[in-house]
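A.B. asks: Got a structure for you, questions after.
The values are calculated or read from the model by the stated rules, or taken from the named source; none is laboratory data. These numbers come from a predicted model, not from an experiment. Cβ atoms come from the backbone with ideal geometry, glycine included; neighbour counts cover every protein chain shown. To get the accessible areas, we keep the full protein, side chains included, count just its heavy atoms, and leave off ligands, DNA and RNA. Shrake-Rupley method; radii C 1.70, N 1.55, O 1.52, S 1.80 Å.
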Amino acid sequence: MTPYYKHPSAFVDDGAQIGENTKIWHFCHIMPEAQIGKDCSLGQNVFVANQVRIGNNVKIQNNVSLYEGVTCEDDVFLGPSMVLTNVINPRSAVSRKTEYKPTLIRKGASVGANATIVCGNTIGQYAFIAAGAVITKNVPDFALMAGVPARRIGWMSEHGERLTFDDAGKAKCLATGEAYELQNGAVKKIPNTNE
């Protein structure tokens, strides 16, 4: 008995490492050298290639392919039909298997439906990529990115609320009250000293 759930229509190749309580739904294919953490959910028609690393509590919606070179840290959300690549200049007649560029999606980041992440970039912690955005460069922690190509249009809290900074560079999450600071174009969460 496996410690995870696999729908009968899904293929999990021998050798794949999958954590407890992960759910793999209809028509998924997990390659033998993939690593998937615990408490993940892979929606219908998800493909996970060899050498892909997926952390814990990652939610991957329908029709997403994770190719070699992709790493998702814990608590990442990948929206329906979003796209990841691993070659910058593909040609059908030219083998580029030695030229794969890595993509790193850091802890807590969310990528919206139909967004595209061009390979070779890092999505920062708790960044929020809007639906349909095309990411062509590294994304800072907590950044809200939208457009084609994507540009930063704001900042988001860990909880997923838009942050509004005052003149002193301070903001609070409207949902949790947690405090954030903006300095030199970078956002940091201010630790709660009352804990």
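A.B. asks: When you have a sec, figure out the Kirkwood radius of the range 1-131 from all distinct Cα pair distances and drop it here in Å to one decimal?
C.D. replies: Kirkwood hydrodynamic radius for the range 1-131: 14.6 Å.
A.B. asks: Calculate the length of the line joining the C-alpha centroid of the range 74-101 to that of the range 121-195, in whole Å.
C.D. replies: 25 Å
A.B. asks: Using the Cα centre of the range 52-193 as origin and beta-carbon charges of +1 (Lys, Arg) and -1 (Asp, Glu), tell me which of C173, I105, G120 is placed farthest towards the positive end of the dipole.
C.D. replies: The residue sitting most towards the positive pole is G120.
A.B. asks: Determine the dipole magnitude for the range 140-195: charges of +1 sit on the beta-carbon of Lys and Arg, -1 on that of Asp and Glu, nothing else is charged, the reference point is the Cα centre, and the result goes in debye to the nearest 20.
C.D. replies: It comes to approximately 220 debye.
A.B. asks: Once you put a point 7 Å from the Cα of V83 and another 7 Å from the Cα of N21, both along the Cβ direction, what distance in nm separates them?
C.D. replies: Output for this residue pair reads 3.5 nm.
A.B. asks: Moving on. Indicate, rounded to the nearest 5 percent, the antiparallel portion of the DSSP beta bridges found entirely in the range 102-191. The partial results should precede the final answer.
C.D. replies: Working: 13 of 22 bridges.
Bridges in the range 102-191 that DSSP calls antiparallel: roughly 60 percent.
A.B. asks: Just to confirm the filter: which trypsin sites (Lys or Arg not before Pro) across the range 81-149 are DSSP coil and have at most 14 other Cβ within 10 angstrom of their Cβ?
C.D. replies: Those satisfying the criteria are R96, K97, K137.
A.B. asks: When ligands, DNA and RNA are left out and all protein chains stay put, how many square angstrom of accessible area per residue does the range 108-195 have with a 1.4 Å probe? Present the calculation step by step, with values, prior to reporting the outcome.
C.D. replies: Details: 4710 Å² over 88 residues.
Here the per-residue accessible area is 54 Å².
A.B. asks: For the chain, set up a GNM with springs between Cα atoms under 10 Å and report which of S41, S95, S110 has the largest fluctuation.
C.D. replies: Maximum among the listed residues: S95.
A.B. asks: I'd like the carbon and sulfur percentage of the solvent accessible area for the range 1-146, probe radius 1.4 Å, heavy atoms only, ligands and nucleic acids excluded.
C.D. replies: Working: 3480 of 6920 Å².
Reported share for carbon and sulfur atoms: 50 percent.
A.B. asks: Continuing with this model, one more query. Taking a quarter of the surface of the convex hull around the Cα atoms of the range 89-195, what do you get in nm²?
C.D. replies: Over all viewing directions, the range 89-195 projects a mean Cα-hull area of 8.6 nm².
A.B. asks: A 27 angstrom limit on the alpha carbon distance is what I want to check against. Which of K23/K189; K6/K59; K107/K172 exceed it?
C.D. replies: Result: K23/K189 exceed 27 Å.
A.B. asks: Given +1 on the Cβ of Lys and Arg, -1 on the Cβ of Asp and Glu, and no further charges, what dipole in debye does the range 93-167 carry about its Cα centre, rounded to the nearest 20?
C.D. replies: Taking the Cα centre of the range 93-167 as origin, the dipole is about 480 debye.
A.B. asks: Round to the nearest 0.05 the FRET efficiency obtained for K170 and K137 when R0 = 25 Å and r is the Cβ-Cβ distance. Mind dumping the intermediate values first?
C.D. replies: Values: r = 27 Å, r/R0 = 1.09.
Step by step, r from the Cβ atoms, then E = 0.40.
A.B. asks: With +1 on each Lys and Arg Cβ and -1 on each Asp and Glu Cβ, how big is the dipole of the chain about its Cα centre, in debye rounded to the nearest 20?
C.D. replies: 560 debye
A.B. asks: Which percentage, to the nearest 5, of the DSSP beta bridges contained in the chain is antiparallel?
C.D. replies: Approximately 30 percent, going by the DSSP bridge assignments.
A.B. asks: With each label point set 7 Å from Cα along the Cα-Cβ vector, what nm distance links N50 and T98?
C.D. replies: 1.6 nm
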